[in-house]
Amino acid sequence: MPVAAVIGAQWGDEGKGKIVDMLAEKAKYVVRFSGGDNAGHTVVNPLGEFKLRLTPSGIFYPGATSIIGNGVVINPEVLISELEELNSRNVDTSRLFISDRAHLIMPYHIVLEGLEEDSLGGKAIGTTRKGIGPAYGDKVARTGIRTGDLLDKEILRERLALALDYKNKIITKVFGKEPLSFDEIYSQYCQYADRFSPLIRDTTVMLAAALDRNEPVLLEGAQGVLLDPDFGTYPYGTSSSPLAGNACLGSGLGPGNLTHVLGVFKAFQTRVGAGPMPTELKDDIGDAIREYGQEYGTVTRRPRRCGWFDAVAARFSTRINGFNSAAITRLDVLDKLPRIKICTGYKINGEKIENFPASAITLEKCQPVYEELPGWEKLTGNVRIYKELPSKAQRYVKRLEELIGCPASLISVGQRREQTIVRKSIF
Ligand code: GDP
Ligand code: IMO
Ligand code: MG
């Protein structure tokens with residue numbers, strides 16, 4: 001019963017959508033287990049180019065069932081528009097199901113996040129402003145509203161009345177803004193209830209049955225390890241865990257069910273939003289990587305901060321996730337560079353730092369120690385067999401494997417599904 005988790009191993013946007021779309025060919029179930037519409041997963045396949053925010057990236061295969069797991073927070077309006085777009089482009093979404101335990105993003109989450117970010121000024125997290133943090137906050141504070149609550153409109157009414165009363169006090173008394181209308185939100189969410197009720201169910205039962213039948217399951221992560229609330233660059237991170245451990249919690253499987261944990265690493269480093277990034281390049285090379293790789297946010301279109309591969313962070317990522325193998329993506333983006341650097345260590349005031357620090361303030365002070373490799377200066381987008389990569393590109397991949405601490409089972413050399421070198425199958 002193969003169950004593989006696909007985990008963003010850096011600061012997000014590693015190319016998880018591409019990898020999941022490619023692997024989903026063999027999957028029977030594809031489950032999104034964390035995050036919300038802060039994610040933007042790009043898929044380029046024979047049906048076109050898609051930017052998925054909530055729908056699992058396996059939706060394109062008629063043989064696979066898609067599940068939005070309990071670990072996800074759902075903005076129903078975003079999901080409706082995403083499904084409408086998919087349907088308008090002839091993608092069948094009838095095999096999509098939603099966990100009855102997933103939490104809903106409510107209008108007050110988005111309003112409050114905007115007010116909080118604005119009030120932080122220069123110390124803002126630089127969130128996607130989709131209400132993600134406030135929605136997860138309510139989940140752990142036990143004041144959230146879940147998809148299952150949509151199945152009974154009286155329960156929905158009670159939960160909303162309780163939550164909104166308190167939220168409106170903060171909106172009016174702390175921020176001096178207008179309160180939100182109960183009637184408007186209630187009637188809107190009753191419409192969402194009518195739309196989504198047929199899709200909401202106990203998806204853990206579906207997955208248990210799939211395992212009994214020995215059917216392959218793919219667990220699709222969102223964000224990246226370095227944005228994790230525990231292990232990321234706190235407080236500059238997101239509010240749900242992108243880690244392999246949460247692949248189980250966010251879908252309702254047990255750790256013993258996982259048969260492969262795949263870490264998705266870009267061949268270099270990017271980050272959107274605020275927070276430390278030791279290898280950031282604020283120069284022509286950084287700009288060249290951004291332009292050649294079109295490194296702009298999938299959701300917000302914000303320019304991504306670009307830099308050299310950070311192997312200190314990568315080793316840490318492998319350690320806390322137990323990656324069995326890595327997918328190295330966007331190798332082709334480095335095709336034209338004559339020299340390529342890898343950060344193999346950090347220094348603070350000349351003193352060597354071996355491990356990725358817990359504190360964002362400490363990480364901010366870390367100076368990267370680089371080793372330099374020659375670039376291959378050849379196009380790799382058409383390569384499908386590892387041995388046909390330029391030898392200098394092979395050398396770069398080999399060095400990344402040594403530093404990351406696990407073998408590269410997949411190497412991606414372009415956006416399209418088929419632009420992938422498969423060295424070892426995951427399922
Ligand atoms: P995700 O959030 O991890 O799914 O990644 P995003 O979709 O936000 O960003 C990754 C970007 O890289 C998308 O535009 C992908 O189409 C693109 N991409 C993925 N793999 C490759 C690759 O190997 N080469 C190139 N050039 N682009 C890639
Ligand atoms: P995918 O799944 C890259 C970043 C935001 C911000 C921080 C907190 O496409 O890889 P949030 O809205 O989550 O509270 O923002 O996290 N962030 C991402 N960066 N890729 C993502 O998702 C991200 N999701 C959130 O930019 O710095
Ligand atoms: Mg993305």
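Read-outs throughout are calculated quantities, based only on the coordinates presented, and are distinct from any laboratory measurement. As the structure is a prediction and not an experimental result, all values here were calculated from the model. Counting neighbours? That spans all protein chains shown, and the Cβs are built from the backbone with ideal geometry, glycine included.
Modelled spin labels at Ser197 and Glu351, positioned 7 Å past Cα toward Cβ, are 6.3 nm from each other. Checking every one of the trypsin sites (Lys or Arg not before Pro) in segment 29-90 against DSSP loop status and a limit of 13 other Cβ atoms within 10 Å picks out Arg89. The HN-Hα couplings worked out from phi for segment 373-384 by the Karplus form 6.51 cos²θ - 1.76 cosθ + 1.60 (θ = phi - 60°) are 10, x, x, 9, 6, 9, 6, 10, x, 9, 7, 10 Hz, whole numbers, x standing for Gly and Pro.
Along its principal axes, segment 103-196 has C-alpha extents of 43, 23, 22 angstrom, given from the largest down. Against the empirical 2.2 N^0.38 Å (N residues), segment 242-300 has a Cα radius of gyration ratio of 1.58.
Centre-to-centre, using Cα atoms only, segment 57-74 and segment 227-268 are separated by 17 Å.
Highest average first, the peptides 55-68, 279-292 ordered by how many other beta carbon atoms sit within 10 Å of their residues are 55-68, 279-292. In the chain, taking the dipole from charged Cβ atoms about the Cα centre, the farthest positive-side position among Thr362, Gly131, Val413 is held by Val413. Each label was represented as a point 7 Å from its Cα along the Cα-to-Cβ direction; for Arg157 and Arg423 these points are 6.1 nm apart. Under 17 Å of direct C-alpha separation, and excluding same-chain neighbours fewer than eight residues apart, Lys177 reaches these aspartates and glutamates: Glu113, Glu116, Glu117, Asp118, Asp165.
Axis of helix 203-212 versus longest Cα principal axis of the chain: the two differ by about 50°, to the nearest ten degrees.
Placing +1 on the Cβ of every Lys and Arg and -1 on the Cβ of every Asp and Glu, with no other charges, gives segment 243-328 a dipole of roughly 240 debye about its Cα centre. Sparsely packed loop sites in segment 145-249 (the GluC sites (Glu not before Pro) outside DSSP H, G, I, E and B with at most 16 other Cβ atoms within 10 Å) do not occur. If one puts a single equal scatterer on every Cα of segment 146-209 and applies the Debye formula without solvent, what log₁₀ I(q)/I(0) results at q = 0.12, 0.20, 0.23 Å⁻¹? Normalising to I(0) and taking log10 leaves -0.41, -0.80, -0.92. Projected onto its three principal axes, the C-alpha set of segment 180-259 covers 47, 41, 14 Å, listed from the longest axis down. The calculated 222 nm mean residue ellipticity attributable to helices in the chain amounts to -9500 deg cm²/dmol, summing -39500 (n - 2.57) over DSSP H runs of n ≥ 4 and dividing by all residues. Each residue of segment 56-65 was assigned a 3J(HN,Hα) from its phi angle through the Karplus curve 6.51 cos²θ - 1.76 cosθ + 1.60 (θ = phi - 60°); the sequence is x, 6, x, 4, 7, 9, x, x, 10, 9 Hz, with glycine and proline shown as x.
Across q = 0.10 Å⁻¹, the chain modelled as identical point scatterers on its alpha-carbon atoms has Debye log10 I(q)/I(0) values of -0.68, in the order of the q list. Here the relative contact order of the chain, from alpha carbon pairs under 8 Å that lie six or more residues apart, stands at 21 percent. All other residues whose Cβ lies under 14 angstrom from that of Arg195 are scored, Lys and Arg at +1 and Asp and Glu at -1, for a net of -3. Of all DSSP-defined beta bridges confined to the chain, some 40% are antiparallel rather than parallel.
In a reduced charge model with +1 at each Lys and Arg Cβ and -1 at each Asp and Glu Cβ, the chain shows a dipole moment near 960 debye about its Cα centre. In segment 71-125, the alpha-carbon atoms span a convex hull of 113 Å³ per residue.
Using unit Cβ charges (K, R positive; D, E negative) and no other charged atoms, how large, in debye to the nearest 20, is the dipole of segment 167-286 about its Cα centre? My answer is approximately 280 debye.
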